[in-house]
Structures are given as C-alpha cells and as structure tokens.
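Where a number appears in this text, it was derived from the coordinates with a stated rule and is not lab data. Small disclaimer: the values here were computed from a predicted structure and weren't measured. Note that each Cβ is placed from the backbone with ideal geometry, even for glycine, and that neighbours are counted across all protein chains shown.
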Amino acid sequence: MPFVVQAHTDDHSISVTTATAKEAFAKALEWHVSGQFTRVCIRDDIKTYSLDAFSLAMALLEIAKTLGATAELNGQGK
C-alpha cells in the first residue's frame, strides 16, 4: 500500500509517495527534524496521521506481530 507524506513550507505544499510505512515515517521525520516544513503528515488510503499517531500505530502493529509470533511458537496460534 502506498503512503503519501505531505508537508507545507511558506505557501506551498509538498508531497512524496513511498512504498512502505517505514519509508514514509523516515521521510516525514526527516522533514519534521529539518525545521523547514510545517504540518507534516502521512496519509494512507483511509486516514491521515500526524507523526505521533503514525508512530503509535506502527508500534502497536509491531507489538501485535510479536505477540502473534510468540503465541504460534507456544502452540497457541491455532
């Protein structure tokens, strides 16, 4: 699923499309840390995320994957 990273500078909007969530987060963080852009956000097909919300969503997904893998290793995945 493609992700769109969008930000603003002065009166202009800038955006880039990335193939993965990891790439989108890296680009958004790069733009945010540079201080040259405001209102940095990440969009997927359904929702627009702030950097905070996107990092939380990514962390929760990783936790769910880890718990699922642990359950499968312990024979509880079926």
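Output the qualifying pairs, or none if there are none: Cβ atoms under 7 angstrom, residues six or more apart or on different chains, first residue in segment 10-24 and without any contact (Cβ under 8 Å) to a residue 60 or more places away in the chain, second residue basic (Lys, Arg). Final answer for the pair search is Val16/Lys27; Thr18/Lys27. Of the set (1) under 15 Å from the mean Cα position of the chain (by Cα); (2) free of Cβ contacts under 8 Å to residues at least 12 places away in the same chain, all apply to Thr66 but (1).
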